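Q: Below is one structure. I have some questions about it.
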Protein chains: 2
Amino acid sequence: MTKFEIPPEHPRAESLHIREKLIENFHRKAVAEAGLIAHGRGEAFDYLLGETTTRHASDAIMTAASSLLTAERPVISVNGNTAALVPNEVVQLAEIARAKIEVNLFYRSLERELAIKELLAKAGAQELLGIGLEASAKISELGSERRHVDPRGILAADVVMVPLEDGDRTEALVNMGKKVIAIDLNPLSRTSQKATITIVDNVVRAMPRLVKAATELEGEKEVRRKILLNFDNTRNLAETITLIQQRLSSLAEKGRYLSLENESREF
Amino acid sequence: MTKFEIPPEHPRAESLHIREKLIENFHRKAVAEAGLIAHGRGEAFDYLLGETTTRHASDAIMTAASSLLTAERPVISVNGNTAALVPNEVVQLAEIARAKIEVNLFYRSLERELAIKELLAKAGAQELLGIGLEASAKISELGSERRHVDPRGILAADVVMVPLEDGDRTEALVNMGKKVIAIDLNPLSRTSQKATITIVDNVVRAMPRLVKAATELEGEKEVRRKILLNFDNTRNLAETITLIQQRLSSLAEKGRYLSLENESREF
């Protein structure tokens, strides 16, 4: 991948750059093979969304920022893809929301945890939970390595933000009574359907917007309360799915490949 | 990935096994990093299709088999993902259709070519074009490494089958006057839109069906002629897109996550 220069005028230059960053961090052991495949799934759904932050995603972002700021013990759960793509935004958001950052991997290995720690430390993270034996508590209903959690972090949290999460774990966290904020490009996934607040957006676009929203809402307790009251996750998801359907129709209709000429070079 | 056993009752067991095979061949250097990401994109579209071979795909498969059998110099173009997932079917189809097999990579390297050669040789391939300096001809309008083709293979072919192809190359082959058969899970991609015959299906499902169709149609010249006459690729693609839209509607409507419970464990 890195052997080939991406011309800046390439219609998919941004998407290719993100991909490059991921592959680079795959070689540094922070990203798993399954993380590359998961990224591909995200690319497909992002393409269907029009690679844009929808109005519905913006609403979910405002609500997520309100929820994090209002929480008593917020935690941001980080995996390899998140650390590779948005390390600075994770640290910034954690700072504004006074949230802890915890590493939590589906394919757990100390090597990967340390690679992720390095990425986040470089971005300015002071403390990072969930590394090695620190993840000493277990979520009993989960089979994967993701059941290990830090007793000072996710176990004690009231709000957990899980960018790029798997469905089982989202469900387990919700069943434990926690509010879960998910970032997931597939509005139909179990993560999206089970989460308390679902941001259907590319993590690369959503995270800077979340930082901005949190900065704006920091002193605004009453505004946050209203935002939280007005948000309906089920409706938001349904409207996002409708949006994808409409886009499929319009892509299918208007001359087809003409409209795709500038869109789908890599598909 | 391989460290974790996949329980056979897992709702996504088949999809996970395919993924495992791909990662295994990634470690053997046959599959590129970008191949893992591309596979993820395919997974997303397959999920939207319902992970099934649609009636439209079956029609395209019958047409593709007819086209290969009727061709004078058919060639099956193979990349890393194809060699990893369906090596036996590639060899079987080539035998029935008297087609040549040519390796053609976006991210070309002799190491990868040789790894792919090994996979296909193990599946019984006698001859394999396009390795190293044998790919001495160039498709002038292409920038990527894929422009290198074998003068005895793709350059001279009248029908080229390109499973899991990129759009630029499909277009270039069509512009050279070749009939192109594509297997692509995204009905909106340039490959799908530019190809002469587009099979919107998972290569793992489509290839055994193609082998079966070619076996059945081998002596049936007149039947093949009719099949080829009756097929309309544009209509077939439009109907496939409509099918995805309908599935999105129904997924969005029926209780949502209830219907997904058994479908999207990994999404």
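The values are calculated or read from the model by the stated rules, or taken from the named source; none is laboratory data. Being a predicted model, the structure only gives us computed values, none of them experimental. Every residue, glycine among them, receives a Cβ derived from its backbone with ideal geometry; neighbour counts consider all protein chains shown.
Q: Taking region B:239-260 on its own, how many of its residues are modelled with pLDDT under 50 and surrounded by fewer than 16 Cβ atoms within 10 Å (Cβ to Cβ)?
A: Kept after step one, since they are modelled with pLDDT under 50, are these residues of region B:239-260: B:255-260.
Of the ones still in play, those that are also surrounded by fewer than 16 Cβ atoms within 10 Å (Cβ to Cβ) are B:255, B:258.
Residues that pass the stated criteria total 2.
Q: Return yes when A:N81 is in a helix (DSSP H, G or I), within 17 Å of A:I131 (Cα to Cα) and of a type outside the set (G, A, S) and no when it is not.
A: Details: in a helix (DSSP H, G or I): yes; within 17 Å of A:I131 (Cα to Cα): yes; of a type outside the set (G, A, S): yes.
For A:N81, the condition - in a helix (DSSP H, G or I), within 17 Å of A:I131 (Cα to Cα) and of a type outside the set (G, A, S) - is met.
Q: Moving to a separate point now. Does A:E89 meet the test of being modelled with pLDDT of 90 or more, touching a helix residue (DSSP H, G or I) at 6+ places or on another chain (Cβ under 8 Å) and within 29 Å of A:Q193 (Cβ to Cβ)?
A: Yes: the conditions hold for A:E89.
Q: For B:G219, all conditions in the list (1) of a type outside the set (D, E, K, R); (2) within 24 Å of B:Q92 (Cβ to Cβ); (3) buried (at least 19 other Cβ atoms within 10 Å of the Cβ) hold save one; what is the number of the exception?
A: Looking at each condition in turn, B:G219 falls short on (3).
Q: Can you tell me which of (1) farther than 18 Å from A:R108 by Cβ; (2) among the β-branched types (V, I, T); (3) within 9 Å of chain B (Cβ to nearest Cβ) is the one A:I18 doesn't meet?
A: A:I18 satisfies all of (1) farther than 18 Å from A:R108 by Cβ; (2) among the β-branched types (V, I, T); (3) within 9 Å of chain B (Cβ to nearest Cβ) except (3).
Q: Can you name the residue in region A:229-249 that is without any contact (Cβ under 8 Å) to a residue 12 or more places away in the chain and under 22 Å from the mean Cα position of the chain (by Cα) and, of all such residues, is farthest from the other protein chains (Cβ to nearest Cβ)?
A: A:D232
Q: Among the listed residues A:A206, A:A214, identify the single one that is more than 13 Å from the chain's Cα centre (by Cα), in a helix (DSSP H, G or I) and in contact (Cβ under 8 Å) with a residue 24 or more places away in the chain.
A: On the way: A:A206 fails: more than 13 Å from the chain's Cα centre (by Cα).
A:A214 is the lone residue from the list that is more than 13 Å from the chain's Cα centre (by Cα), in a helix (DSSP H, G or I) and in contact (Cβ under 8 Å) with a residue 24 or more places away in the chain.
Q: Would you mention how many residues in region A:173-183 are within 14 Å of chain B (Cβ to nearest Cβ) and surrounded by fewer than 19 Cβ atoms within 10 Å (Cβ to Cβ)? Can you show your working first?
A: Step one: of region A:173-183, the residues within 14 Å of chain B (Cβ to nearest Cβ) are A:174-175, A:180, A:182-183.
Among the residues that remain, those that are also surrounded by fewer than 19 Cβ atoms within 10 Å (Cβ to Cβ) are: A:174-175.
Within region A:173-183, residues that are within 14 Å of chain B (Cβ to nearest Cβ) and surrounded by fewer than 19 Cβ atoms within 10 Å (Cβ to Cβ) number 2.
Q: Would you mind finding the one in B:D232, B:D201, B:D168 that is buried (at least 23 other Cβ atoms within 10 Å of the Cβ) and not aliphatic (A, V, I, L, M)?
A: Values: B:D232 fails: buried (at least 23 other Cβ atoms within 10 Å of the Cβ); B:D168 fails: buried (at least 23 other Cβ atoms within 10 Å of the Cβ).
One residue alone meets the criteria, B:D201.
Q: Okay, next question. Looking for whichever is closer than 23 Å to A:R169 by Cα and among the polar types (S, T, N, Q) here; the options are A:S109, A:S58, A:S15. Which one fits?
A: Working: A:S58 fails: closer than 23 Å to A:R169 by Cα; A:S15 fails: closer than 23 Å to A:R169 by Cα.
From the options A:S109, A:S58, A:S15, the qualifying one is A:S109.
Q: If you don't mind, another one. Tell me, which residue of region A:184-221 that is of a type in the set (D, E) and in contact with a helix residue (DSSP H, G or I) (Cβ under 6 Å, 6 or more places away or on another chain) is nearest to the other protein chains (Cβ to nearest Cβ)? Can you show your working first?
A: Step one: list which residues in region A:184-221 are of a type in the set (D, E), which gives A:184, A:201, A:216, A:218, A:220.
Right, trim to in contact with a helix residue (DSSP H, G or I) (Cβ under 6 Å, 6 or more places away or on another chain) and you get A:184, A:201.
On the way: A:D184: 8, A:D201: 16 Å.
That would be A:D184.
Q: Here is a follow-up. From the residues in region B:63-81 that are more than 13 Å from chain A (Cβ to nearest Cβ) and out of contact with any Asp or Glu (no Cβ under 9 Å at 6 or more places or on another chain), which one is surrounded by the most Cβ atoms within 10 Å (Cβ to Cβ)? Can you show your working first?
A: Just the residues of region B:63-81 that are more than 13 Å from chain A (Cβ to nearest Cβ), to begin with: B:63-80.
Those still in the list that are out of contact with any Asp or Glu (no Cβ under 9 Å at 6 or more places or on another chain) too: B:63-64, B:67-68, B:70, B:80.
Working: B:T63: 25, B:A64: 31, B:S67: 23, B:L68: 28, B:T70: 18, B:G80: 29.
Here the answer is B:A64.
Q: Pull up region B:43-65, narrow it to residues that are among the small types (G, A, S) and at pLDDT 95 or above, then point me to the one that is nearest to B:G219 (Cα to Cα).
A: Keep residues of region B:43-65 that are among the small types (G, A, S), which gives B:44, B:50, B:57-58, B:60, B:64-65.
Now drop any that are not at pLDDT 95 or above, which leaves B:57-58, B:60, B:64-65.
Details: B:A57: 23, B:S58: 20, B:A60: 19, B:A64: 15, B:A65: 12 Å.
Among them, the one singled out is B:A65.
Q: Cβ-Cβ under 7 Å, sequence separation 6+ or interchain: first residue in region B:101-112 and over 15 Å from B:I139 (Cα atoms) and part of a helix (DSSP H, G or I), partner at pLDDT below 90 and not hydroxyl-bearing (S, T, Y). Which pairs?
A: B:L110/B:G132; B:R112/B:L105
Q: Please state which one of B:A30, B:A84, B:A94 is out of contact with any helix residue (DSSP H, G or I) (no Cβ under 7 Å at 6 or more places or on another chain) and either within 14 Å of chain A (Cβ to nearest Cβ) or on the phi < 0 side of the Ramachandran plot (or both).
A: Details: B:A30 fails: out of contact with any helix residue (DSSP H, G or I) (no Cβ under 7 Å at 6 or more places or on another chain); B:A84 fails: out of contact with any helix residue (DSSP H, G or I) (no Cβ under 7 Å at 6 or more places or on another chain).
Being out of contact with any helix residue (DSSP H, G or I) (no Cβ under 7 Å at 6 or more places or on another chain) and either within 14 Å of chain A (Cβ to nearest Cβ) or on the phi < 0 side of the Ramachandran plot (or both) holds for just one of B:A30, B:A84, B:A94, which is B:A94.
Yes/no per residue for (1) aliphatic (A, V, I, L, M); (2) under 28 Å from B:N236 (Cα atoms):
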residue: B:A64; (1), (2): yes, yes
residue: B:V103; (1), (2): yes, no
residue: B:E111; (1), (2): no, no
residue: B:I131; (1), (2): yes, no
residue: B:H148; (1), (2): no, no
residue: B:A156; (1), (2): yes, no
